[in-house]
Amino acid sequence: MSVRESAAVTHVNKRTNNEDAVLRRPELCVYAVADGMGGPGIGDAAARAALAAVQSHAGALRGQLRAVEASPSSARRLEMGQLFERIFNQAHESIRAHAAAHRARRMAAALITAVVGHSSVFIAHVGNCRAYLLRARQLVQLTEDHSIAQARLRHGRLTPASAAESPDRFRLYQSVGANADMDVETAEVSLATGDVLLLCSDGLTSALSDDEILHYLTMPPQLPDAATALVAAARAGGEDNISVVLIRMGEISENPVVEAVSHALRQVFLFHDLSPAERYTIAPYMEEHRLKRGEVLVREGDPADRFYVLIEGALRLTSGRAHLADLGPGEHLGALALARPVKRAVTATAMQPARLYGLSRERFEQLVARRTHLGGRLLMRLLDAVSDRLREMTGRVEGLTEEVTELRRRLELIERAARGELRLR
């Protein structure tokens with residue numbers, strides 16, 4: 001078990017009742033924060049219903065995590081996302097049933113859940129409860145709020161500065177129990193020794209900036225003291241209920257692979273403008289591949305249905321007997337295979353032991369279907385890539401046409417000279 005210590009604090013602050021709730025099951029490495037909406041007797045019931053669903057599946061989450069660690073295929077990792085969806089849907093139906101029974105028009109909750117493994121954490125959320133990762137005194141936001149302001153920021157209608165000040169940052173376009181349909185967002189994030197994972201309600205993030213959270217998170221050496229310091233600072237800066245869950249990692253000897261994937265994706269044209277949270281969302285869809293020296297990854301002329309990112313080692317690309325290029329860590333191969341059925345234009349052979357992550361067209365289509373806003377952006381990038389490739393091919397054809405025309409002209413001159421019709425100089 002990689003968790004060294006954990007702490008949880010929830011505080012009513014200046015409200016009349018606490019509509020937040022926290023769940024801490026360190027023996028199962030399952031943690032959650034819920035932020036209810038609807039007022040006294042309603043919002044608190046929504047938060048409790050959300051956590052009850054997580055609590056009832058805590059053992060299943062731990063079991064699924066063990067299955068992933070035993071066989072970390074993309075299928076197993078995506079099964080974790082499917083389990084999260086069942087849990088959130090149970091919470092969703094429970095809240096809606098309670099709202100109908102009590103004739104409550106506005107009953108819902110924001111919910112974030114994390115299950116921590118030996119070298120990675122799986123996170124699922126709906127709403128504006130957040131997850132952060134503290135590593136080497138740097139704080140990274142792992143999730144994106146499902147708020148109107150965040151949606152407008154994604155579509156370029158707000159700047160980061162204006163989104164941070166917009167009143168729409170508190171208006172959610174989806175929450176557990178409120179919407180007919182709900183899109184549970186999941187992510188997989190690698191862990192390192194000494195990392196601290198923070199789960200919190202918006203009572204913390206609306207009162208404190210990320211820099212302030214970093215300051216109070218790193219002051220006390222013990223997690224309970226850090227949690228208390230965060231809540232005390234947020235009480236002075238806001239009125240909403242405040243909930244904090246902190247988890248510190250112990251010794252992690254395994255090489256974290258998801259972080260390597262995220263770093264490599266940042267260098268690929270298809271993914272480089274995505275946020276860290278979005279790259280972590282993509283990571284479970286990718287499958288690890290290992291090659292021995294001299295082993296062939298793909299052959300020229302074979303059907304192509306997979307995109308690869310090279311993490312370690314080197315690949316040599318050849319066409320026939322011609323050496324075209326060598327690929328190193330962070331470079332990629334086969335992006336167009338995600339867009340449409342094509343034939344491999346090259347043969348790729350490992351020059352040394354290599355490790356890659358592949359994204360199949362099937363997994364990419366699942367990603368597009370299940371994460372519509374993210375999938376739409378990736379599809380537009382692919383369309384641009386296909387257009388660029390067509391322009392490149394058109395340019396090559398035009399260049400070849402000019403060369404053929406020049407060769408024909410020269411042959412004609414030679415033939416005329418051979419017939420004595422023309423003297424060549």
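The values are calculated or read from the model by the stated rules, or taken from the named source; none is laboratory data. Just so we're clear, the structure is a prediction, and the values are computed from it rather than from any experiment. Counting neighbours? That spans all protein chains shown, and the Cβs are built from the backbone with ideal geometry, glycine included. Side chains are part of the model used for accessible areas, which takes the heavy atoms of the whole protein and leaves out ligands, DNA and RNA. Shrake-Rupley method; radii C 1.70, N 1.55, O 1.52, S 1.80 Å.
Here GLU212 sits with roughly 80 square angstrom of accessible surface, probe radius 1.4 Å. Mean-square fluctuations from a GNM of the chain, with a 10 angstrom spring cutoff on Cα atoms, peak among GLY375, GLY81, GLY294 at GLY294.
Relative to the longest principal axis of the Cα atoms of the chain, the long axis of helix 257-266 lies at roughly 60 degrees.
What does the helix-only formula give at 222 nm for the chain: each DSSP H stretch with n ≥ 4 adding -39500 (n - 2.57), the total divided by the residues, and the result rounded to the nearest 500 deg cm²/dmol?
Working: 12 runs with 170 residues, N = 425.
Taking each H run of at least 4 residues, the total per residue is -13000 deg cm²/dmol.
Packing-based ranking of 53-65, 30-42 yields 30-42, 53-65, ordered from highest to lowest mean Cβ neighbour count within 10 Å.
Probing with 1.4 Å while keeping every protein chain in the model, the per residue accessible area of the range 76-152 equals 39 Å².
Would you mind calculating the gained length between ARG409 and ASP326 on full extension (0.36 nm times residue separation, minus the Cα-Cα distance), in nm to one decimal? Display every interim value, and only then the final one.
Details: separation 83, 0.36 × 83 = 29.88 nm, distance 3.81 nm.
Once the chain is fully extended between ARG409 and ASP326, it gains 26.1 nm.
Please report, as a whole percent, how much of the solvent-accessible surface of the chain comes from carbon and sulfur atoms (probe radius 1.4 Å). Show your work: numbers first, answer last.
On the way: 10150 of 20400 Å².
Summing carbon and sulfur atoms, their accessible area is 50 percent of the total for the chain.
When the chain is treated as a Gaussian network with alpha carbon springs shorter than 10 Å, the biggest mean-square fluctuation among ARG316, ARG157, ARG235 belongs to ARG157. Ranked by the mean number of other Cβ atoms within 10 Å of their residues, highest first, the peptides 9-17, 277-285 come out as 277-285, 9-17.
Compute the label zone of ASP183 within the range 338-366: residues whose backbone N is under 18 Å from the point 7 Å along Cα-to-Cβ. Of the residues in the range 338-366, 363-366 have backbone N under 18 Å from the label point off ASP183. Taking 0.36 nm per residue of sequence separation and removing the Cα-Cα distance, the SER275/LYS14 pair yields an extension gain of 90.5 nm. In the chain, Rg over Rh equals 1.12, where Rg is the alpha-carbon radius of gyration and Rh the Kirkwood radius from pairwise Cα distances.
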